[in-house]
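One structure is given below, encoded as structure tokens.
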Amino acid sequence: MNNVVPELVQKFLDGDNRAFEELVHRFRKKIYSVAYQALGNHLDADEVVQETFVRIYNKRKELKDVRYFTSFIIRIATNYSIDLLRKKKFQSALPDDTTSLPGNIQIDLSKRVSTPDDELARKEIMEEIEQALAQLPPRQRLTAILHDIEGYTKAEIARSFDCPEATVRSNLHIARNKLKKILTQQQTAKRSKK
Amino acid sequence: MTCFNIQKLLHEYIDNELDQFQQAEIADHLDQCSECHEAWVELNGLKNLLGQIKTQQPSESYWEETTRLIMAKTVDLDENIIPVISLHEEETDKKTAFRRSLLSVAASIALLLVSIGLNSSSLTTKFAQNQPEALVFTTYELNQRFDLKSHMTDDQLAKFALIDNSLSMGFPGLPGGLIITVTGDDIN
């Protein structure tokens, strides 16, 4: 099937089960990716993928506009991911105060990635970032994942979270600032060990 | 713009969400201000790094199996499901015929109750007062509502349950005992 997504969705809503299977094929890896970044392990990501499509199938009548299927599926996947995160108490104990950033301690991330030959260093940075992401509260974490990692627009994220774009923007800015703060702290801790 | 204002707009700047004039103004400022430039380098570097994160996808065999599971939990389940008769739909579709049958069932029960010594008038009064709309009851529910046990011997209860179960056989697919629907109007 070479249909565009809205056409496929319409066929699915009209009862064409092959269209549903095609949607599973098209979106399964995207959902897995978001869930894996949010939850940090394969088993939970697998659960999110399966449950998301089961819910999509069962809640298909709730989809009012076929153009917004991406937001619809992301909403279901992120809501389920957030539920799992809360159940597993992955939530960060990071203080809400982000104004007390240690201004004199800075890391020059761009300089660090300007050495592409040093694959080990790059891998370390990536691990640090993933650890830092894991410390964010669920909604901020998912906003950063969807926008900066997966490349969804703020409008798509706003529709998925059923909130104004301004809220997405605010969550994203807070998430990035917290990530900077956590990475700075990690960097400081590393330096003090040496 | 001041450094404070520039740094407030840095997120929008790196996301290319500002108008051309503001984008240019900030770019000029960053060329001249080392502090703001440093803040931009950090933020832009972070965004670039996040953009480089790629999830390692599972194997194709995993996806085949997962897709099969998803289809089994959705489409396949729908197609293989054993149809269950819905009394509510039955009543809607064949309202008159169904009501007639209900009246006959209700009458049978009333007769039964009379025959086993239970005061049927008190039963109908309770229906009309407490549940003016559709009632659904089973032997168990009747017992709960009207404390049949206190009015009936074990033998009588057994007979009642037997009739209850035999009536249910007319509705294949319904689990458990017969669910009888009557309305206040039917009873009155």
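Throughout, read-outs are computed from the coordinates displayed, never taken from laboratory work. Values in this document were obtained by computation on a predicted structure and should not be read as measured data. When we count neighbours, we look across all protein chains shown, and the Cβ atoms used for this are built from the backbone with ideal geometry, even at glycine.
What is the local net charge at B:Y62, summed over the other residues whose Cβ is closer than 12 Å to its Cβ (Lys, Arg +1; Asp, Glu -1)? Mind showing how you got there, number by number?
Working: positive: A:R28, A:K29, B:R68; negative: A:D46, B:E60, B:E64, B:E65.
Overall, the nearby charge balance is -1.
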Original post:
Counting other C-beta atoms within 10 Å, which of A:D148, A:D65 has the fewest, and how do the rest follow?
Top reply: A:D65, A:D148
**OP:** Per residue of the range A:56-67, in order, report the coupling 6.51 cos²θ - 1.76 cosθ + 1.60 (Karplus, θ = phi - 60°) as ³J(HN,Hα) in whole Hz, putting x for Gly and Pro.
**Re:** 4, 5, 6, 9, 4, 5, 7, 7, 8, 9, 4, 5
**OP:** Please go through the residue pairs A:K30/B:K73; A:K11/A:K87; A:K11/A:K88 and name each one whose alpha carbons sit more than 26 Å apart in this structure.
**Re:** A:K11/A:K87; A:K11/A:K88
**OP:** Round to the nearest 0.05 the FRET efficiency obtained for B:S61 and B:E38 when R0 = 51 Å and r is the Cβ-Cβ distance.
**Re:** 0.60
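Where nothing but the Cβ of Lys and Arg (+1) and of Asp and Glu (-1) is charged, how large is the charge dipole of the range A:138-194 around its Cα centre, in debye to the nearest 20?
Working: 13 positive and 5 negative charges, 138 e Å.
Here the size comes out at about 660 debye.
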Original post:
What does the charge add up to near A:D14, with Lys and Arg as +1, Asp and Glu as -1, over the other residues with Cβ less than 14 Å from its Cβ?
Top reply: +1
**OP:** Tell me the label-point distance for the pair A:R67, B:I53, using the 7 Å Cα-to-Cβ offset, in nm and rounded to one decimal.
**Re:** 3.1 nm
